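What follows is a set of notes on a single structure, which appears directly below.
The values are calculated or read from the model by the stated rules, or taken from the named source; none is laboratory data. Because the structure is predicted, anything quoted here is derived from the model rather than measured. Reconstructed Cβ throughout: ideal geometry from the backbone, glycine too, with neighbour counts over all protein chains shown. What goes into the accessible areas is simple: the full protein's heavy atoms, side chains included, and nothing from ligands, DNA or RNA. Shrake-Rupley method; radii C 1.70, N 1.55, O 1.52, S 1.80 Å.
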Amino acid sequence: MRLLDIYAKMKGDLEVIEERLAHSVSSDHALLTETSTHLLKAGGKRIRPVFVLLSGKFGQYDLATLERIAVPLELIHMASLVHDDVIDDAATRRGQLTVKAKWDNRIAMYTGDYIHGKALTIVTELPNPLIHQILAKAMVQMCIGEMEQIRDFFNTEQTIRNYLLRIRRKTALLLAISCQLGAVAAGADAATYNRLYRFGYNVGMAFQIGDDLLDLLGTEKQIGKPPGSDIRQGNITLPVLLALKDPNVKDALLTEIHHIHAEGGAGDTRAALKLIRKSEGIKVAEQMVSRYISKAIQALEGLPAITAKKNLTDIAHFVAKRNY
């Protein structure tokens with residue numbers, strides 16, 4: 001089943017989530033409402049809410065309960081994007097001006113903090129302490145991941161292991177707990193929500209590596225920002241680290257990255273992109289995406305053969321081959 005077909009079947013529940021998202025960031029402060037809804041209006045895949053809702057099908061499905069998981073997780077994701085754009089000095093996201101570009105850094109940072117606060121306000125409506133423990137630990141790990149990324153800006157000697165640990169914290173963990181918490185909130189047993197956690201984790205790893213590949217291979221229309229943005233910002237991603245292991249391009253690529261760094265990220269990335277695209281790094285990174293997707297699908301084995309299981313499998317296949 002195509003991704004759009006899955007979303008179409010969930011349309012009613014996703015509309016409720018969308019309404020709750022808009023309502024949750026509204027404020028008596030006009031500017032804060034405007035900045036908080038800016039990214040929301042730009043859209044997005046809403047994959048975290050979708051994972052929450054589908055995972056909830058493995059227990060007692062109750063939208064009123066699940067929305068109190070789905071909305072906060074999407075808000076936390078949005079807040080992290082607002083903060084990321086300040087750190088990365090990014091001008092556009094999803095084809096729109098970022099909050100920091102349209103207003104300024106201070107407004108963007110407080111907007112992100114506000115969205116985080118609203119997320120926590122909603123999730124406190126659920127009494128299960130396990131939900132709060134899982135979410136709190138994940139938010140701590142996300143912050144560590146962000147700090148590690150800043151530490152490793154333009155670090156061409158970082159290990160692939162460090163990269164994988166960083167994206168686990170920055171991206172995969174939130175997708176993993178989207179699946180886990182959807183099932184926990186629905187009253188599923190530990191074996192079920194642990195399987196779903198592993199599914200979300202592996203999809204998340206594949207999703208981020210795929211995102212890194214898109215930044216190098218996609219067009220500005222596809223990805224909503226200029227290609228090569230990661231290198232320009234100093235974010236040395238997996239395909240670049242793998243390209244640096246290719247003796248055919250290593251020295252020339254190091255020179256280009258050093259030039260970009262010396263120019264404060266304002267340098268031309270076209271030469272670097274050309275080198276990376278012809279390296280073995282692209283193929284190896286694509287193979288890693290496929291391996292993570294295979295692990296994700298394996299994690300679902302043993303779960304009931306319900307429609308939600310097939311939907312999750314189809315989403316995993318979409319992540320494996322997505323081009324936007």
Dipole of region 182-324, positive end: most advanced residue of Ile209, Phe199, Leu242 [Cβ charges, Cα centre]: Phe199
Added length on full extension, which subtracts the Cα-Cα distance from 0.36 nm per residue, Leu120 to Leu164: 13.1 nm
Euclidean distance of C-alpha centroids, region 261-310 and region 82-157, integer Å: 22 Å
Whole-Hz ³J(HN,Hα) from phi, Karplus 6.51 cos²θ - 1.76 cosθ + 1.60, for region 136-146, glycine and proline x: 4, 5, 5, 5, 4, 5, 4, 5, 4, x, 5
Net charge of Cβ neighbours under 14 Å - reference Thr307; Lys, Arg +1; Asp, Glu -1: +1
Overall form of region 7-138 per C-alpha gyration tensor (a/c, 1.5; a/b vs b/c): prolate
Accessible surface, region 66-111, averaged per residue in Å² (probe 1.4 Å): 38 Å²
Relative contact order [Cα under 8 Å, 6+ residues apart], the chain, whole percent: 19 percent
Surface share of carbon and sulfur [accessible, 1.4 angstrom probe, percent] for the chain: 53 percent
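Does region 212-271 classify as rounded, prolate or oblate by the C-alpha gyration tensor (a ≥ b ≥ c root eigenvalues; a/c under 1.5 gives rounded; else a/b over b/c gives prolate, otherwise oblate)? Mind showing how you got there, number by number?
Values: a/c = 2.11, a/b = 1.27, b/c = 1.66.
Oblate.
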Local net charge near Gln298, Cβ-Cβ under 14 Å (Lys/Arg +1, Asp/Glu -1): +4
Local electrostatic count, Asn105, Cβ distance below 12 Å [Lys/Arg +1, Asp/Glu -1]: -1
Charge dipole of the chain about the Cα centre (unit charges at C-beta), most positive-ward option of Tyr110, Ile76, Ile223: Ile223
Gyration tensor (alpha-carbon) shape descriptor, the chain, a/c threshold 1.5: oblate
Point-to-point label distance, Glu34-Lys250, nm (Cα→Cβ direction, 7 Å offset): 5.3 nm
